[in-house]
Structures are given as structure tokens and as C-alpha cells.
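Everything below concerns the one structure shown next.
The values are calculated or read from the model by the stated rules, or taken from the named source; none is laboratory data. Treat the numbers as computed from the prediction; the structure is a model and nothing was measured. Backbone-built Cβ (ideal geometry, glycine too); neighbour counts: all protein chains shown. These area figures cover heavy atoms from the full protein model, side chains too; ligands, DNA and RNA do not enter into them. Shrake-Rupley method; radii C 1.70, N 1.55, O 1.52, S 1.80 Å.
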Amino acid sequence: MGDRAAADGGADGGAEGDAPKPSAGGRTDYAGAVYGSILAASVVATAGTLGPFPRIKLVALLLITGLVFWAAHVYARIVGERLLHQPLTGEDVRRVAVAEWPIVKVAVPPAVAVAIGPLLDLGVEGTAWLALAVALAEQVGWATVPVLRAGASRRIVLLNGGVNLLLGVVLVVAKAALHY
């Protein structure tokens, strides 16, 4: 499992900050944070198509979706690694669970945005737009940080941010087209 672990990194986003942590090999994996941000934006963008959502339901939907997708990613990686490397240990399961945790962690800021919407005097629709903006900002941020840390040129950083913003714009257009 060593090669896969070194290639995937070990993002746990512990108490010291929100950034995913480097693995023992010194590489950091931001994929879970980017993926989780897109997932959270998708949940917010499509939640309104099912009718009016009370805020607590949208908060729960964001967090539960993050947890379910996290569990699915952990399971898929464990099964995939088990087929390649046997036997599977408790430490292997823990390592994969920690590495995939950013999928859940990035659902929290959009959920908080939904929860504080009333404090900002936002209606349900305004709150959903705020949560979507938070999720998209996370997505672009988590996708841009590793490019910056790698020392990429300004052009590459802007291109990377633009591609991720384009992915987010697709969600915004879908949300607007579906008339939240």
C-alpha cells in the first residue's frame, strides 16, 4: 500500500488548520477537498428543485451527503487496495478514512452558511445562494492552493482557477435554470 499511499497523500485537515496534511512521503492530497466542495455545491444547487427546503433539512442534507460520499470513497479505496495488497490492516483502514475526510470537512462551511442565513436576514433562496458561493469559493481555493505551493507560473495558477470556476459556473447556471 506504500506506493498508493505516497501517491494519494494523507489529507486529514486536523485541528491545526483547514489545510489537508502532507503524507509521510511529504505530498498533500487536495482531491478530496476539491471533490467535496463540488459535491456540496451540487447539493445546494439542486436542493431547491425538490421544493422549498427548511434550512435545517439543507444543513442535514449537506452533512449527510458528505458523510455518505466519504464512506463510499473509503470503501472503494479499501476494496481497491485490498485487491492489490493483502492483508488489510486496521491502520490501512484508518489511513484511508483520514485521507478521505476532507470530503466531509468541506461540507461544513456551506452548512454553516445555511445555518447563519437568518442572522444575515436572508430568505431561503438568498441563503442557498450564499451556501453555493461558499462551496464554489472552497472549490476554487482548494484547487488553487496546491498549484501555488508547487510554484506554478501565474498563467498556470489562473488557468487552474479558471477551469475550477467554470465547473462551478455550470452548477450556478443549473441552479438558476432550475429556478430555486
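Listed values, structure above:
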item	result
Residue tally, condition open to solvent by 30 Å² or more (accessible area, probe 1.4 Å) and modelled with pLDDT under 90, over region 70-81	1
Spans of helices (runs of 4 or more DSSP H) in region 77-180 with at least 1 residues free of Cβ contacts under 8 Å to residues at least 24 places away in the same chain and under 22 Å from Thr65 (Cβ atoms)	90-100, 108-116, 124-149, 154-177
Residues satisfying the stated conditions in region 107-132, i.e. closer than 21 Å to Ala72 by Cβ and in contact with a Phe, Trp or Tyr (Cβ under 7 Å, 6 or more places away or on another chain)	none
Scope region 98-114; condition open to solvent by less than 60 Å² (accessible area, probe 1.4 Å), over 13 Å from the mean Cα position of the chain (by Cα) and within 14 Å of Ala40 (Cβ to Cβ); matching residues	Ala113, Val114
Qualifying residues in region 135-156 (those that are of a type in the set (Gly, Ala, Ser) and within 14 Å of the chain's Cα centre (by Cα)) - the one surrounded by the most Cβ atoms within 10 Å (Cβ to Cβ)	Ala135
Qualifying residue in region 129-137 (condition: among the β-branched types (Val, Ile, Thr) and closer than 14 Å to Ser37 by Cβ)	yes
Criterion violated by Val59 - all others in (1) modelled with pLDDT of 90 or more; (2) under 22 Å from Arg95 (Cα atoms) satisfied	(2)
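Residues are listed down the side, and each one gets a yes or a no for (1) out of contact with any Phe, Trp or Tyr (no Cβ under 6 Å at 6 or more places or on another chain); (2) modelled with pLDDT under 80; (3) open to solvent by 60 Å² or more (accessible area, probe 1.4 Å); (4) among the basic types (Lys, Arg):
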residue	(1), (2), (3), (4)
Ala5	yes, yes, no, no
Glu16	yes, yes, yes, no
Asp29	yes, yes, no, no
Ser42	yes, no, no, no
Ala45	yes, no, no, no
Thr65	yes, no, no, no
Val68	yes, no, yes, no
Asp92	yes, no, no, no
